[in-house]
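These notes are about the structure you will find just below.
The values are calculated or read from the model by the stated rules, or taken from the named source; none is laboratory data. Computed from a prediction, not measured in an experiment: that's the story for all the values here. Counting neighbours? That spans all protein chains shown, and the Cβs are built from the backbone with ideal geometry, glycine included.
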Amino acid sequence: MLRFETAGESHGECLVATLTGLPAGIPVSVADINYELWRRQQGYGRGGRMKIETDEVEIVAGVRHSHTIGSPVALLIRNRDWPNWTQALPVEDIAGAEQHPKPVTRPRPGHADLAGAIKYNFHDARYILERASARETAARVAVGALAKGLLGVFGIEVLSHVIGVGHALLERTAAWEEIVALRQKKEVLLGCVDAETEARMKEVVDEAYRTGDTVGGVFEVRAHGVPPGLGSHVTWDSRLDGRLAQAIVSMQAVKGVEVGFAQEGAVSFGSKVQDTIHYDREARHFTRGANRAGGIEGGMTNGQDILVRGMLKPISTLRRPLESVDLLTREPSPAAYERSDVCVVPAAGVIGEAMVAIVLAQAFLEKFGGDSLTETRRNFDSYLEQVKNY
Ligand SMILES: Cc1cc2nc3c(=O)[nH]c(=O)nc-3n(C[C@H](O)[C@H](O)[C@H](O)COP(=O)(O)O)c2cc1C
């Protein structure tokens, strides 16, 4: 069973994560993890924090000589902003700390501030937003990079691209090669494969900047090279589509998910949306007329690319604040503003990749198991042989 946990707050000392259940012998590269962390920080519309911070992972357990050893992997990512917060958010009470508070008493609509402050009984939403913040996703991306390391050994790749920013939408399907090329780019604008559409997306972000507003959008994650048979139809919680949906909607600001062409399917006749089945006698394998199911039928992978989309609401912190109420005085007051992103759709795509990679790695190890890479590979190869001879 592959499982992970994260801890850490936005302005605390660091983020930490543990990942338990990886077989021994999986290659691990700090440079590869850092590249994923860099990708999470890119995109037009990010706030000032991305400029002061370049995330770097430290692996403190579970990896020796660039390979897993079968024990839990522990990671940490330091918050470079921490020195500015040591007095406002000290771990142990220090004399004079009350001189340096950074309270948030005017909760932001759409954020965790109000619900969290009531639930945890604080009259300062600071402790809530510190953990609700998407800063936590840096730890998820680092864990996702380890999951990608496992999947990569077996020829499975997970990538993303942006298909919508506000009302600017990509009107065509992206080819896998285009998404691969996007990942190599050293300058990330909005993560769209189509330059003309990306320019329209940028106009939307510019309008949000001009008006003190924010925008959301849609990202798509694709997994390529996935064998048939991950996940299962037999129980509600083994169905892979359900597990992917939970993983994607667990992301901060993601409010909707789509597997395959779900929205299009919902408004079409059945004859138009199912992926017809064919057989290539020479190659001795089944082929499909399309991939509208997004690579999953009956909760199982069917061998086609997995296709999952996440729908992000616009960021909740607005430079032109929304109406709120002060937690202490109960008087109407504009919501708090703190340095904030305006658009995060490309970054959300990278986080979505991590979440999909983690869920796929879990399903992969459920099916193939193994305490060492040698054992996992033996199980995998033997299953592929069975599929070939089916
Ligand atoms: C990559 C990323 C960056 C984000 N940056 C911000 C931000 O700068 N300011 C903000 O108010 N919300 C930001 N959010 C969204 C909030 O974290 C999120 O809206 C909040 O935690 C409440 O959760 P919910 O929207 O899922 O209900 C970001 C989300 C993501 C995925």
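Structure notes:
- The one condition in (1) more than 16 Å from the ligand (Cβ to nearest atom); (2) more than 30 Å from ARG330 (Cβ to Cβ); (3) not aliphatic (A, V, I, L, M) that ASN79 fails to fulfil: (1)
- A count restricted to segment 264-317 and to residues that are over 25 Å from HIS161 (Cβ atoms), surrounded by fewer than 11 Cβ atoms within 10 Å (Cβ to Cβ) and small (Gly, Ala, Ser) stands at 3.
- Per the conditions (1) surrounded by fewer than 19 Cβ atoms within 10 Å (Cβ to Cβ); (2) part of a helix (DSSP H, G or I), the sole criterion not satisfied by VAL143 is (1).
- Counting only strands (runs of 3 or more DSSP E) wholly contained in segment 241-292, the ones carrying 2 or more residues that are within 16 Å of the ligand (Cβ to nearest atom) and at pLDDT 95 or above occupy 254-259.
- In segment 161-181, the residues that are surrounded by fewer than 20 Cβ atoms within 10 Å (Cβ to Cβ) and not in a loop (DSSP other than H, G, I, E, B): LEU169, TRP176, GLU177, GLU178, VAL180, ALA181
- Flag for ARG64 being over 25 Å from the mean Cα position of the chain (by Cα), on the phi < 0 side of the Ramachandran plot and more than 16 Å from the ligand (Cβ to nearest atom): yes
- Looking only at segment 316-363, and only at residues there that are within 24 Å of GLY212 (Cα to Cα) and of a type in the set (S, T, N, Q), the one that is farthest from the ligand (Cβ to nearest atom): SER333
- Residues in segment 304-328 that are touching a strand residue (DSSP E or B) at 6+ places or on another chain (Cβ under 8 Å) and assigned to a loop (DSSP other than H, G, I, E, B): GLN304, ASP305, LYS313, PRO321, LEU322, ASP326.
- Any pair with Cβ under 9 angstrom, 6 or more apart, that starts in segment 120-136 at a residue that is under 30 Å from ARG39 (Cα atoms) and ends at one that is assigned to a helix (DSSP H, G or I) and away from the ligand (no atom under 14 Å from the Cβ): TYR127/TYR120; ILE128/TYR120
- Sole residue being β-branched (Val, Ile, Thr), in a strand (DSSP E or B) and within 16 Å of the ligand (Cβ to nearest atom), chosen from VAL205, VAL218, VAL188, VAL158: VAL218
- Criterion violated by PRO90 - all others in (1) under 30 Å from PRO72 (Cβ atoms); (2) modelled with pLDDT of 95 or more satisfied: (2)
- Some residue of segment 12-27 being more than 16 Å from the ligand (Cβ to nearest atom), outside any strand (DSSP E or B), buried (at least 19 other Cβ atoms within 10 Å of the Cβ) and among the hydrophobic types (A, V, I, L, M, F, W, C): yes
- Residue within segment 101-124 that is modelled with pLDDT of 95 or more, away from the ligand (no atom under 15 Å from the Cβ) and farther than 26 Å from GLU323 by Cα present: no
- The lone exception for GLU136 - which of (1) of a type in the set (D, E, K, R); (2) buried (at least 17 other Cβ atoms within 10 Å of the Cβ); (3) modelled with pLDDT under 95 it fails: (3)
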